[in-house]
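Values quoted throughout were computed directly from the atomic coordinates according to the rules given, and no laboratory measurement underlies them. No experiment lies behind these values; they were computed from the predicted model shown. A quick note on method: Cβ atoms are made from the backbone with ideal geometry, for glycine too, and the neighbour counts reach across all protein chains shown.
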Amino acid sequence: MSTKDEDFKILSSIINAEEICELITLLTDITLLMRKQLSDIFAPPAIGQSSRNFLPLETVTAEHTKDDFSSKIREDSEIKEKFKETKATFYPSENKLSTPKRQKLEQDCFEFFDKWRESVLSHVYKAIEVPGRVKEHQKDMKFSKRIPRIENSSETVIIKLDSRKFAANTTNSKLNPPISTSLSSLPQENRVLIFHSVLLILLSLEKYMAPSRILLINLTSALHLPLDILVKDEIKVAQSLLGAVEHISGAEETEKRGRENLISRIWKAGLAGVAGAAVIGITGGLAAPLVAGAIGTIMGGLGLGATAVAGLLGSLAQSSVLVGSLFGAYGARMTSRAIDSYAKEVQDFSFLPMKSSNGQEIPQKDHRLRVTIGVSGWLTHKEDVTNPWRALGQESEVFALRWELEALTNLGQSLESVAKSTAWKIAKKEIISRTIFSSLLLALWPISLLSLSKIVDNPFSICMSRADKAGTILADAIINKSQGERPVTLIGYSLGARLIYSCLMSLAERRAFGLIEGVVLMGAPIPSNAAVWLSLRSVVSGRLVNVFSTNDYILAFLYRTYSVQYGVAGLQSITDVNRVENIDVSEIVSGHLRYQLAVGSILEKIGWENIYLEVVAIEEKTLAMLKEKENNEEQKRGEKIVSEDESLQAKSDTQKVEASHFESRESKSIAR
């Protein structure tokens, strides 16, 4: 066996044939598990769990008067039965989840996933030395194969945020319990080498899709490796690929592309087992500068040579064009004028890179294999477009979405005016004495508060409409690969969450699967019913998180004129769609305006990847100061009210004494 052959067959020199079989089985199990989790999304809710999410009508009856709301909710069975009838009368049938439209969505979802899965396993077979008996065994494997059990995989859990703080690794192990494999007992160096190899194989697909990253996250768990291994690998590979591209001349690229058809035929013929040597020979050595000069250095310390890396990366290692496509024309398209073509109906639509000094060009060292987009929901200053997202770490390429600057600024100023008004503070007490849902459903808002509606209703309505349009534009940009062939994570609060909702609904309608890795929606003014969240869940490969606060009275007031009968995600949990995380932040979010200052704190507490703890500490300090200020103002207001009440009582007592004295004098006068 030649030296080059030995260099390529890196796994066979580290692990034996049985362990190679175990790796193939593990990757098969992970993809089967992912398919099972996809199936769970479309499964009907568990027995005893509502198949649609409604506001708790049991808390309100039409017979209640204003004075009744301060009393406790009656729990007798007659009222519950009465409102079961009310739900059946006013809300769509619970059987709506079984409509042909839902079935078609499920069918298309599985069709995409199965094609991705087949492509992944096919590339694995080609890239590593797979014993013949394993190939035959894997070809015969059906989807009915036993799935490793995941505890509570179909349950919806509401997490209360107290003093607990989850590290990303802890969260990963809880969300993705390790699949049993004998590979976990190998020396760590070997496990890391296996993991590196699988990452490069997935990149050989010429696109880094969201399900590919979810597979790698599950692989870290199964191999008992920290999530940091994946994150660090992604950074190194991104920097090395882009660094290698810079050293390829135009002449070399032209000559190489003239031979691409021949290379493609070799891979399709199943000759990838000798690709490490063959590709270099065919391309006249063009592969060597790109791979050996850059990518190979990543694996050098672990025994992976340049030829091995070339074979694992496949055609991606041979083409600067493919590398450019992976990063969206070297990462420039998200800040280029091409975005303007998507944004004709929305003003100020642009992506602002968080790591750029001039707001446009991103240094090569800051390009990543993943993209994160933060979307603000209102503004009081221009800096609010980017400030809430400074807690997001550099392990992902982070952008802030700038959209409708003027409209969002008007809304932010209106919200601040209302929140600081005496009328709102008085009205808030009256709302609390009822329930937030009773005010929504029966439209029993204090008169003093309704007088403020003219300040916020119009700005909110304008921004809602434009958020929906901007969401569709964002979907266009993602589908047209402005981000390249990289997975996207979307995080937004308030109307930023509404924009993301619109984007995901558009992606689902257009069957654009595999593009979105994770989503966090905070204080979202969107419906909470199953039909909506099933669509959202279908296009998100990883975590879908609904962050809500039961203290968000401003959101309830703003949303009162919309379809409240379908629920409000920013006020309650999503209990009727599987694999949706619900995060109750009522303890740290006292009102809608707090989300802007609590983004990093919330992400850190839910175990989101790669958060700057220094920024989180500043946020928490700011929130604590605001809370203390509110408490002091509330106390002073209470003392003032008591003082005013005492003055009124004293005045009343004086008037009564004077009246009594006057009556006494009148009586004496009459008696005379």
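Annotations for the structure displayed:
- FRET efficiency for His381 and Ser586, using Cβ-Cβ distance with R0 set to 35 Å, rounded to 0.05: 0.80
- Between Ile462 and Ala617, the simple spin-label model (points 7 angstrom out along Cα→Cβ) gives 4.2 nm.
- Arg511-Ser122 FRET efficiency (beta carbon distance; Förster radius 35 Å; 0.05 resolution): 0.95
- Within-15-Å neighbourhood charge of Pro388 [Cβ basis; K, R +1; D, E -1]: -1
- By the beta-carbon count within 10 Å of each Cβ, the least crowded to most crowded order of Cys503, Cys21, fewest first, is Cys21, Cys503.
- Amide H partners (placed H, <5 Å) of Phe399, local residues excluded: Met354, Thr372, Ile373, Gly374
- Within region 185-211, backbone nitrogen closer than 17 Å to the virtual label 7 Å beyond the Cα of Lys481 toward Cβ: 202-211
- Label-to-label distance, nm, for residues given as Ile455 and Ala17 (7 Å Cα→Cβ offset): 7.9 nm
- The residues His381, His196, when put in order of fewest to most other Cβ atoms within 10 Å, stand as His381, His196.
- Residue-span extension gain [Asp348 to Glu111] - 0.36 nm each, minus C-alpha spacing: 81.6 nm
- Gain upon complete extension [Gln103, Thr422; 0.36 nm per residue less C-alpha separation]: 109.7 nm
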